[in-house]
1. Check A12: other-chain or 5+ apart residues with amide H under 5 Å from its amide H, H built from backbone geometry?
2. Excluding N112 itself, calculate the net charge of residues whose Cβ lies under 10 Å from the Cβ of N112, where each Lys or Arg counts +1 and each Asp or Glu counts -1.
3. Can you tell me the dipole magnitude for the stretch 4-77 around its Cα centre, using point charges on the Cβ only (Lys, Arg +1; Asp, Glu -1), in Debye to the nearest 20?
4. Each residue of the stretch 71-81 in order: what ³J(HN,Hα) in whole Hz does its phi give by Karplus 6.51 cos²θ - 1.76 cosθ + 1.60, θ = phi - 60°, with x for Gly and Pro?
5. Taking +1 at the Cβ of each Lys and Arg and -1 at the Cβ of each Asp and Glu, which of T139, H129, L110 sits farthest along the dipole of the chain towards its positive end, judged by Cα position relative to the Cα centre?
6. Can you work out the PRE-style zone for Y6? Point 7 Å along Cα to Cβ, and I want the residues of the stretch 128-151 with backbone N under 11 Å.
7. Can you figure out the FRET efficiency of E42 with M132, using R₀ = 30 Å and their beta-carbon distance, to the nearest 0.05?
8. Under 1.5 on a/c is rounded, so check that first for the stretch 88-151, then, if it is not, pick prolate when a/b is larger than b/c and oblate when it is not; a ≥ b ≥ c are the square roots of the alpha carbon gyration tensor eigenvalues.
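The values are calculated or read from the model by the stated rules, or taken from the named source; none is laboratory data. Being a predicted model, the structure only gives us computed values, none of them experimental. Note: ideal-geometry Cβ built from the backbone for every residue, glycine included; neighbour counts use all protein chains shown. For accessibility, only protein heavy atoms count, side chains too; no ligands or nucleic acids. Shrake-Rupley method; radii C 1.70, N 1.55, O 1.52, S 1.80 Å.
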Amino acid sequence: MTVLKYEFYIGAPKENVWGALVSPEGTKSIFFGCVLESAFEEGASFQYVGPGNDGDRTVHVYGKLLSFKPNEELSYLEHPGPSYYPNHEELQSRVTFTLETVGGCTKLTLVNDQWSPEEHPSLANAQSHWWMILSNLKTWAETGKTLDFGW
């Protein structure tokens, strides 16, 4: 089974990194203009909404929060948005972000696993885009600015 795992050390407190993961300003900055919408409690639904195939309110990813522990852990089961695949409800993976203080910085670990089916069509995209998202998150948490990917 495929497991994507990334570890980043960020020169910012956990609160800044957490803000990048859940605040409207943070998510819009690091997730390509998308905002995370949710009640932010375990078991709640969520969706990343932003510009895309269906206009300004395109649902890019949606699912259910498994864990929501501020400044410590965010975990969810996700599905690609309806505009990506007709069988989007059948496609799923789990994403888990964990934060821990290491000296004067924050260690961010991301694990993206439980791909179903194993040949999930979003896997290749995730493998390349997580690096961009996490690099952007690191830059935003440390400087308040984002990276220029030339888009």
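1. Long-range HN contacts for A12: T106.
2. 0
3. 120 debye
4. 6, 10, 8, 9, 9, 7, 8, 10, 10, x, x
5. After comparing all options, I get T139.
6. Backbone N within reach: 128-139.
7. Taking R0 as 30 Å, the efficiency between E42 and M132 is 0.60.
8. Oblate.
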